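Each reported figure results from applying straightforward, stated rules to the coordinates on display, with no laboratory input. No experiment lies behind these values; they were computed from the predicted model shown. Positions of Cβ are backbone-derived with ideal geometry, glycine not excepted, and every protein chain shown enters the neighbour counts.
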Amino acid sequence: MEKSEKSQYEKILLERKKELIDSLSELVQNSREADPGVAQDIGDKAESSYTKEFLLSLSVTEREQLLLIDEALNRMAAGRFGVCEECGKEITKKRLSALPWTPLCIECRQKLEASQ
């Protein structure tokens, strides 16, 4: 992979990482606001609890993506970015353009999904 391509992917990864961190910060703030701490009836408490749980469940997916982005940046620093972690083949540019944090080529991803 050319240096300019790596630089472009690094920029995309860092921008997405910043978006995720900002989004997670907002979710944490919103979950705190969903639990006002004042006396509530049981219906209000249930709604508040549901809202808080919903907001925090959204963050699980974002945290997983953040971890994948950090791993991709580490692979980039180690010179392994764009290479499938499973089979060692180069990941297609089309796949990297869609998911620059992906550790697997499409074939290995499909095999993984089929085995689950």
**Order of SER23, SER97 under a 10 Å beta carbon neighbour criterion, fewest first** = SER97, SER23
**Request:** Can you tell me how much longer the chain between ARG63 and LEU14 gets when fully stretched, taken as 0.36 nm per residue apart minus their C-alpha distance, in nm with one decimal?
**Result:** 16.2 nm
**Fill in**
With 0.36 nm assigned to each residue of separation and the Cα-Cα distance removed, SER115 to SER7 gains 35.4 nm
